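Have a look at the structure below before the remarks.
The values are calculated or read from the model by the stated rules, or taken from the named source; none is laboratory data. Just so it is clear, the model here is predicted, and its values are computed rather than measured. Ideal geometry is used to build each Cβ from the backbone, glycine not excepted, and the neighbour counts take in all protein chains shown. Protein only, heavy atoms only, side chains kept; ligands, DNA and RNA dropped before computing areas. Shrake-Rupley method; radii C 1.70, N 1.55, O 1.52, S 1.80 Å.
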Amino acid sequence: MKLKINVALFALWSIFSLPTYAQDITGLWEVINVQVGEEEMTPIARWTRINENGTFESGNGWLKSSFGTYDYNEAEKSFLPTETEGLQLESEFGAFKVEVMDEEMIWKREENGEPVTVLLSRIDELPKAPADKIIGLWMLTHIKDSGASDTRAIEENELKMFLIRWDRIYREMSMAEGRKTGYWHMNAHRPQVTMLPHTEGDPAESWALAFSPGKLTLTGISDSNRDIEMIFARQNKFPD
């Protein structure tokens, strides 16, 4: 009987004597949701990498846009990133309160009098943003004009191609209008791109983006292109 009691006491002591492991905040994380007050303000393909050596880096898609050092207080569960270059918001808003749950992490703090909650999820590689997906050569295959009910195939004499370059320059090539160039700008919070022509007098036009394997769909959302839908196929070389 005494032996059984000792065994039970030893087992109980063992449970409470197990080491308490710190929450592991290091690794690569993707921002899944950002809530500012009652408004959702989630950036597209936002990520942060927290390194064991006390440094971090962050960006959107394949672009790294910030880096610096951080202080993590395990006892207080607080995370304080400090930008090496750029805006140092920690001096204004302070540290985030942190909660780690297996493959997810939550940051919370107050900014400008409003509660901010950031939900992050562990990932193995950088997320791909629309700005990364759109780069390349695209050929127009189908179009739906404003007011039309269905798309139609593009005829040979309507050949139209877009070369979207990494340096934010695009080239538009068509049988009817020849070659045009301009700048392209991607919205940070929505899958929308704006084309800004170099040709004086040509209007800037914004398009909603949708991707499927090997295809790009642009739907007009500006006054000059509203409800026009263009479907492109990715190309790996220019036509002969």
Taking residue 44 as meeting all but one of (1) at pLDDT 95 or above; (2) open to solvent by less than 50 Å² (accessible area, probe 1.4 Å), write down the number of the exception. (1)
Would you confirm, using the coordinates I've provided, whether residue 210 is without any contact (Cβ under 8 Å) to a residue 24 or more places away in the chain, open to solvent by 40 Å² or more (accessible area, probe 1.4 Å) and farther than 30 Å from residue 31 by Cβ? no
Here are some residues: 239, 203, 191. Which one is within 22 Å of the chain's Cα centre (by Cα) and either farther than 19 Å from residue 139 by Cα or not hydrophobic (A, V, I, L, M, F, W, C) (or both)? 191
Yes or no: residue 50 hydrophobic (A, V, I, L, M, F, W, C) and closer than 28 Å to residue 133 by Cα? yes
Would you pick out the residues in segment 23-57 that are under 16 Å from residue 78 (Cα atoms) and either in a strand (DSSP E or B) or within 14 Å of the chain's Cα centre (by Cα) (or both)? 50, 55, 56
Quick check on this structure: which one of 57, 30, 111 is at pLDDT below 95 and of a type in the set (Asp, Glu)? 111
Return yes when residue 183 is hydroxyl-bearing (Ser, Thr, Tyr), touching a Lys or Arg at 6+ places or on another chain (Cβ under 7 Å) and under 29 Å from residue 63 (Cα atoms) and no when it is not. yes
If we keep just the residues of segment 187-240 that are among the polar types (S, T, N, Q) and part of a loop (DSSP other than H, G, I, E, B), which is farthest from residue 155 (Cα to Cα)? 187
Tell me which of these residue 190 doesn't satisfy, since it passes every other one: (1) more than 28 Å from residue 35 (Cα to Cα); (2) open to solvent by 40 Å² or more (accessible area, probe 1.4 Å); (3) modelled with pLDDT under 95. (1)
Output for Cβ contacts, cut-off 6 Å, separation at least six or different chains, first residue within 14 Å of residue 216 (Cβ to Cβ) in segment 136-156, second exposed (fewer than 12 other Cβ atoms within 10 Å of the Cβ), reads 142/153
When (1) at pLDDT below 95; (2) under 17 Å from the mean Cα position of the chain (by Cα) are applied to residue 11, the one that fails is (2)
